[in-house]
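*Asks:* I am attaching a structure below and will ask some questions about it afterwards.
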Amino acid sequence: MKKNTLAALILTTLAAGQLASLQAHAAGQLNVWEDIKKSAGIKTAVSDFEKQYNVKVNLQEMPYAQQLEKLRLDGPAGIGPDVLVIPNDQLGGAVVQGLLSPLSVDQAKQDAFTPASINAFRMDNALYGIPKAVETLVLIYNKDLIDKPLDSLQAWLDYSKTQREQNKYGLLAKFDQIYYSWGAIGPMGGYIFAKNDSGGFNPQQVGLNTPGAVEAVTFLKKFYAEKVFPAGILGDNGLNAIDSLFTEKKAAAVINGPWAFQPYEAAGINYGVAPLPTLPDGKPMSSFLGVKGYVVSTWSKDKALAQQFIEFINPEILELSDEQVELYEGCLSFPGHNGAIKRSKHVKVKAQDRHGEWFEMEADDMLARCIQHENDHLDGITIMESSEFFYEDTEEGRAAAAKKKEND
């Protein structure tokens, strides 16, 4: 059997603060800012937290990207939140401006998360947040315009040329922004900043002019030089132009993130999702990781209780059997797709129930699989990354899956 730590559920993880000190906060209040239309997912946890610690949690929704700006005004005025949600790319400025309080988290608890997700909220070896959600770029294609996604970026370039001859577009991507072009630059040998001795970054050492980075950008420039990209996707409004062309069914595929799924579905696009294509050297494209996380305000009147709030539910996988079974799994994150994944047949888990009481349970077969599937989500892993064979649930995809099973 092997041990593995289960990352926490939504308001999750990590232990800090003693129970005795928390009990002293009876009849206290905690102000929490949550993202728009996201509070429903944590209401049960909020209710349990209030009952267990005799604390009133005031939950307010506002766009997560605007919360720090509002904190700058409301925090010093004494009307700001104790806990808020921010994207990891706002962390640096928030720390430098003294808006956030560092967290004291046991290393074993930190290890429950994937290194990339937890490190997204680390600055100069100090941890400032707990991951809530992880997002990466994927390839999104219109199944009514192309039967299946192409495997390589070169193949997409060639396909896009033929599409332009018909006044259509093949693949569109915002390669003039580093967030998107990094998918080629990183795997081909580039880097943004080198690391310094304290674990942070050295802004004096930039790696965007390495031979591999130059080769990557030179290849990406072909999409512009050969005019398979419209001029309108350059600049700040480029993403809107890409979305418009895709939802108007004028482009076969785009490179975008899961935030685009709902708008594309609302536009009536019969879309599919696939891993990013391979590069000229055969390596797969990569993606920056976007992480949303819970942080504690510098102006919180009770930082210990605020941290306990974001650590409230803390389950742990105690044992996984060595015996594994491979089955095909679906996932609501990727509708219409399945993946062949090997999972342990038996699992033992320790968790808190809705009343905050610890319990242990053992599960076999399908329930054990479900627990491991959800554990992957908490670690920022989807079936696209964990499956040995990821396919679209179509007749052709099922045939390919059946053929793979025969060959195994």
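The values are calculated or read from the model by the stated rules, or taken from the named source; none is laboratory data. This one's a predicted model, so the numbers in the text were calculated from it and none came from an experiment. As a convention, Cβ positions derive from the backbone with ideal geometry for all residues, glycine included, and neighbour counts pool all protein chains shown.
*Asks:* Among (1) within 23 Å of residue 305 (Cβ to Cβ); (2) in contact with a helix residue (DSSP H, G or I) (Cβ under 8 Å, 6 or more places away or on another chain); (3) at pLDDT 85 or above; (4) of a type outside the set (Val, Ile, Thr), which single condition is residue 110 missing?
*Replies:* It fails just one condition, (3).
*Asks:* Would you check if residue 233 is in contact with a strand residue (DSSP E or B) (Cβ under 7 Å, 6 or more places away or on another chain), at pLDDT below 95 and under 19 Å from residue 137 (Cβ atoms)?
*Replies:* Working: in contact with a strand residue (DSSP E or B) (Cβ under 7 Å, 6 or more places away or on another chain): yes; at pLDDT below 95: yes; under 19 Å from residue 137 (Cβ atoms): yes.
Yes.
*Asks:* While we're on this one: Just one of the numbered conditions (1) within 24 Å of the chain's Cα centre (by Cα); (2) modelled with pLDDT of 90 or more; (3) surrounded by fewer than 20 Cβ atoms within 10 Å (Cβ to Cβ) is not true of residue 290; which one?
*Replies:* It is condition (2) that residue 290 fails.
*Asks:* Another one. Limited to region 302-324, what total is found for residues that are over 21 Å from the mean Cα position of the chain (by Cα), among the polar types (S, T, N, Q) and either in a loop (DSSP other than H, G, I, E, B) or at pLDDT 90 or above (or both)?
*Replies:* Summing the residues that are over 21 Å from the mean Cα position of the chain (by Cα), among the polar types (S, T, N, Q) and either in a loop (DSSP other than H, G, I, E, B) or at pLDDT 90 or above (or both) in region 302-324 gives 1.
*Asks:* Check residue 299 against each of (1) more than 27 Å from residue 184 (Cα to Cα); (2) buried (at least 18 other Cβ atoms within 10 Å of the Cβ); (3) at pLDDT below 90 and name the one condition it does not meet.
*Replies:* Only one criterion is unmet by residue 299, namely (3).
*Asks:* I'd like to know if region 114-129 contains one or more residues that are closer than 30 Å to residue 318 by Cβ, in contact with a Lys or Arg (Cβ under 9 Å, 6 or more places away or on another chain) and surrounded by 14 or more Cβ atoms within 10 Å (Cβ to Cβ).
*Replies:* Yes, the conditions are met somewhere in region 114-129.
*Asks:* Moving on to the next point. When you look at residue 89, is it under 29 Å from residue 276 (Cα atoms) and at pLDDT 90 or above, yes or no?
*Replies:* Spelling it out, residue 89 is indeed under 29 Å from residue 276 (Cα atoms) and at pLDDT 90 or above.
*Asks:* Looking at 182, 156 in this structure, which one is touching a Gly at 6+ places or on another chain (Cβ under 7 Å) and either of a type in the set (A, V, I, L, M, F, W, C) or outside any loop (DSSP other than H, G, I, E, B) (or both)?
*Replies:* Exactly one of 182, 156 is touching a Gly at 6+ places or on another chain (Cβ under 7 Å) and either of a type in the set (A, V, I, L, M, F, W, C) or outside any loop (DSSP other than H, G, I, E, B) (or both), namely 156.
*Asks:* Here's another thing I want to ask about it. Among the candidates 306, 253, single out the residue that is crowded, with 17+ Cβ neighbours inside 10 Å and touching a Ser or Thr at 6+ places or on another chain (Cβ under 7 Å).
*Replies:* Exactly one of 306, 253 is crowded, with 17+ Cβ neighbours inside 10 Å and touching a Ser or Thr at 6+ places or on another chain (Cβ under 7 Å), namely 306.
*Asks:* Given the conditions (1) part of a loop (DSSP other than H, G, I, E, B); (2) at pLDDT 95 or above, report the number of the one that residue 149 does not fulfil.
*Replies:* (2)
*Asks:* Then there is this: Do you know which residues across region 199-228 are closer than 24 Å to residue 159 by Cα, in contact with a helix residue (DSSP H, G or I) (Cβ under 9 Å, 6 or more places away or on another chain), hydrophobic (A, V, I, L, M, F, W, C) and free of Cβ contacts under 8 Å to residues at least 60 places away in the same chain?
*Replies:* Those that are closer than 24 Å to residue 159 by Cα, in contact with a helix residue (DSSP H, G or I) (Cβ under 9 Å, 6 or more places away or on another chain), hydrophobic (A, V, I, L, M, F, W, C) and free of Cβ contacts under 8 Å to residues at least 60 places away in the same chain: 217, 220.
The rows are residues; the columns are (1) under 30 Å from residue 131 (Cβ atoms); (2) at pLDDT 75 or above; (3) within 24 Å of the chain's Cα centre (by Cα); (4) aromatic (Phe, Trp, Tyr).
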{"site": "368", "(1), (2), (3), (4)": "yes, yes, yes, no"}
{"site": "374", "(1), (2), (3), (4)": "yes, no, yes, no"}
{"site": "377", "(1), (2), (3), (4)": "yes, no, yes, no"}
{"site": "386", "(1), (2), (3), (4)": "yes, no, yes, no"}
{"site": "391", "(1), (2), (3), (4)": "yes, no, yes, yes"}
{"site": "401", "(1), (2), (3), (4)": "no, no, no, no"}
{"site": "404", "(1), (2), (3), (4)": "no, no, no, no"}
{"site": "408", "(1), (2), (3), (4)": "no, no, no, no"}
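*Asks:* Working carefully through the options 351, 363, find the one that is at pLDDT below 75, among the aliphatic types (A, V, I, L, M) and part of a strand (DSSP E or B).
*Replies:* The unique qualifying residue is 351.
*Asks:* So, in region 207-221, how many residues would count as being surrounded by 15 or more Cβ atoms within 10 Å (Cβ to Cβ) and either among the polar types (S, T, N, Q) or within 13 Å of residue 175 (Cβ to Cβ) (or both)?
*Replies:* 5
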